[in-house]
Amino acid sequence: MVSVMLGAVLFDRRALSMRSVALAACVLLMAQPETLLEPGFQMSFAATAALIAGYSSLRGRLYQQRWPGWAMAAFSVVFTSLLAGLATGPVAAAHFNRVAGYGLIANVLAVPVMGLAVMPAAVLAGVLAPLGLEGPALWIMGKGTAWILTVAETVAGWEGAVRAVPSPSAMVLPMMALGALWVILWRGPVRAAGIVPMVMAFVIWGQQVRPPVLISADGALVGLVSVEGRALSAPKGAGFTARQWLENDGDLADQAQAALRSGFLGDKTLRRFALWDWRIVHLKGKAGLAQLDVACGMADLVILSLRVEGPGPQGCQFIDAQKLRHTGPLALWPDEVGKLRV
């Protein structure tokens, strides 16, 4: 973005404009198209576009007020943080399943120190480094960074500072982006039409329903939605998978806490649970595999973490490690006619 801005200055063009944002995005996407799906690209360009659009809409009115310098500086910090937060908040929530409740307060306290102390000191340190005189500048950087970290730690410790949200469907972020771009790029009353897809995206997100049953790729972990949240079949093992499931559910619990929730019955080698009219058993390890015949007698479906040798018990529906090797992790949903949708 800075390279494009400096190029615009050299050619006597406006450095900060939507064209410079678009040009910078095109350069990046031609070099690395896959970055379009990365949160870093989406959040950076969302914030930049929002800031340019926001300040462009205020340009005439803002500077006609003849505010004192300190008032203009304070307004800029708050307005910048608010714009950037509104632009990047939905993207961050969609990718990381977290909403920072006090992000605006943290930014107001941290951004001025970053802009007035840390960044200038960084430039000064770079200039003085060849002379071996960068020490004082690095000291200023250290103090400023320590303040920013203190603000982050303090604000993050407040009650309600972080709220978990479930992952949206694949169409939510594109709809939000389409609506936001429409509002930014069009002029006149027609720009208000961009609000419609943004509202629809939030409605779709709010109605998102997570799969009732999740099965890990190795069959060692099963997750069941209960009234307390997603209950997990084991307090340990498949930790990365457990974290992903809980995060995508918008759940702040860890694996051990989720394993204590109601939903599963039985010991760790044979866990029983019900999904509507379906009786399901999860067998884990060699001890669980040895109980396959018993499990088939009490369940409509058996999930195993090991491979079943041969055809298995007659009339027994099961999902074992061999099937999961071909399918990967599975989600199960009961349908209207009493069957399971996989």
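The values are calculated or read from the model by the stated rules, or taken from the named source; none is laboratory data. Here the structure is a predicted model, which means the values were calculated and not measured. Glycine gets a Cβ as well: all are built from the backbone with ideal geometry, and neighbour counts include every protein chain shown. Please note that ligands, DNA and RNA were not included when accessible areas were found on the heavy atoms of the full protein model with its side chains. Shrake-Rupley method; radii C 1.70, N 1.55, O 1.52, S 1.80 Å.
Where in region 269-308 is the amide nitrogen less than 11 Å from a point lying 7 Å along the Cα-to-Cβ axis of GLN322? Output list for this probe position: 307-308. Loop-located trypsin sites (Lys or Arg not before Pro) across region 1-71 with a Cβ neighbour count of 14 or fewer within 10 Å are ARG13, ARG14, ARG66, with loop assigned by DSSP.
At a Förster distance of 35 Å, what's the computed FRET efficiency of TRP67 paired with CYS26, Cβ-Cβ distance as r, to 0.05? Once the sixth-power term is evaluated, E becomes 0.40. The gain in end-to-end length when the ASP335 to LEU185 segment is fully stretched comes to 49.6 nm, 0.36 nm per residue minus the alpha carbon separation. Shown for region 83-188: the carbon plus sulfur share of the solvent-accessible area, taken with all protein chains present and a 1.4 angstrom probe, equals 76%.
Return the inverse of the average 1/r over all pairs of distinct C-alpha atoms in region 175-245, which is the Kirkwood hydrodynamic radius, in Å to one decimal. Walk me through the numbers on the way to the answer.
Numbers: mean 1/r = 0.0661 Å⁻¹.
Evaluated on region 175-245, it is 15.1 Å.
Given Cα pairs under 8 Å that are at least 6 residues apart, what percent is the relative contact order of region 6-92?
Reported as a whole number, the value is 34 percent.
Checking the cross-link pairs LYS236/LYS286; LYS286/LYS323; LYS286/LYS339 against a 24 Å limit on the alpha carbon distance flags LYS286/LYS339 as lying beyond it. Before rounding to the nearest 500, sum -39500 (n - 2.57) across all DSSP H runs of length at least 4 in the chain and divide by the residue total; then give [θ] at 222 nm in deg cm²/dmol. Taken over the chain, the calculation gives -16500 deg cm²/dmol.
3J(HN,Hα) along region 301-315, derived from phi through the Karplus expression 6.51 cos²θ - 1.76 cosθ + 1.60 where θ = phi - 60°, amounts to 8, 10, 10, 10, 8, 10, 8, 8, 6, x, x, x, x, 5, x Hz, with x in place of Gly and Pro. The residues of region 193-244 expose on average 48 square angstrom of accessible surface per residue, using a 1.4 Å probe on protein heavy atoms. Between ARG210 and VAL196, the modelled label-to-label distance comes to 3.3 nm, taking each label 7 Å out from Cα in the direction of the beta carbon.
Pairs of Cα atoms nearer than 8 Å and 6+ residues apart set the relative contact order; for the chain it is 10 percent. Peptides 85-97, 22-34, 288-300 ranked from most to least packed, by the mean per-residue count of other Cβ atoms within 10 Å: 85-97, 288-300, 22-34.
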